[in-house]
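The values are calculated or read from the model by the stated rules, or taken from the named source; none is laboratory data. Not measured: the values here are computed from a predicted model. Neighbour counts are summed over all protein chains in view; Cβ atoms, including those assigned to glycine, are modelled from backbone coordinates with ideal geometry. Quick note on the areas: whole protein, heavy atoms, side chains included, nothing else; ligands and nucleic acids left out. Shrake-Rupley method; radii C 1.70, N 1.55, O 1.52, S 1.80 Å.
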Amino acid sequence: MLFRYNLPFTLYTLSYFCAHAGEWFTYVAQLTAVHQLCHGSKIAISALVVIRMAPNILFASIGGVVADLMDRRVSMIMLDIAGIFVVLLYLPVLRYTSVTLIYAASFIQAILAAIYNPIRLQMIPLLVPKRRYLIKATTI
């Protein structure tokens, strides 16, 4: 019922799955690149995991503030555009094969994702008008 009669929420959910799949593909590519460049170093791979997780702790609260102060749609579009430029940071990695560049691009990408997530979650009540459906929508 929620997806059948609510096209904006359905499109929102599909866009979320596409974006999230892209983030996971990038994460797997980063892990593979670090593994190959550092010859399987567990410390280098662990550093990448820490670099990817630290922004969630440090910057997620900023996303909540941005969601309250700015138009959520504009904020999400601006962060998506910034994400395009962050992905372009991976191009020098191909040329210079630098783990430091992978770490830097990964950190910036994780910052954007940490800011984006609270904004994304605050969009759900705007897309789901009925209270009984809101509970179902937030569990997705």
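Here is how the numbers come out for the structure above:
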item: Filter result (within 17 Å of residue 107 (Cβ to Cβ) and more than 24 Å from the chain's Cα centre (by Cα)) within segment 1-37; result: 37
item: Members of segment 46-60 that are exposed (fewer than 12 other Cβ atoms within 10 Å of the Cβ) and under 13 Å from residue 32 (Cα atoms); result: 46
item: Flag for residue 44 being closer than 20 Å to residue 84 by Cα and modelled with pLDDT of 90 or more; result: no
item: Close pairs (8 angstrom Cβ cut-off, 6 or more residues apart or separate chains): on the phi < 0 side of the Ramachandran plot in segment 61-82, open to solvent by 80 Å² or more (accessible area, probe 1.4 Å) and of a type outside the set (Lys, Arg) anywhere; result: 72/126
item: Helices (runs of 4 or more DSSP H) (entirely within segment 65-140) containing at least 2 residues that are modelled with pLDDT under 85; result: 91-96, 99-127, 131-138
item: Among residues of segment 1-35, those that are closer than 16 Å to residue 93 by Cα and either among the hydroxyl-bearing types (Ser, Thr, Tyr) or surrounded by 11 or more Cβ atoms within 10 Å (Cβ to Cβ) (or both), counted; result: 9
item: Every residue from segment 36-45 that is part of a loop (DSSP other than H, G, I, E, B) and surrounded by 13 or more Cβ atoms within 10 Å (Cβ to Cβ); result: 38, 41
item: Close pairs from segment 111-129: first farther than 14 Å from residue 71 by Cβ, partner open to solvent by 30 Å² or more (accessible area, probe 1.4 Å) and of a type in the set (D, E, K, R), Cβ under 7 Å, at least 6 apart; result: 113/23
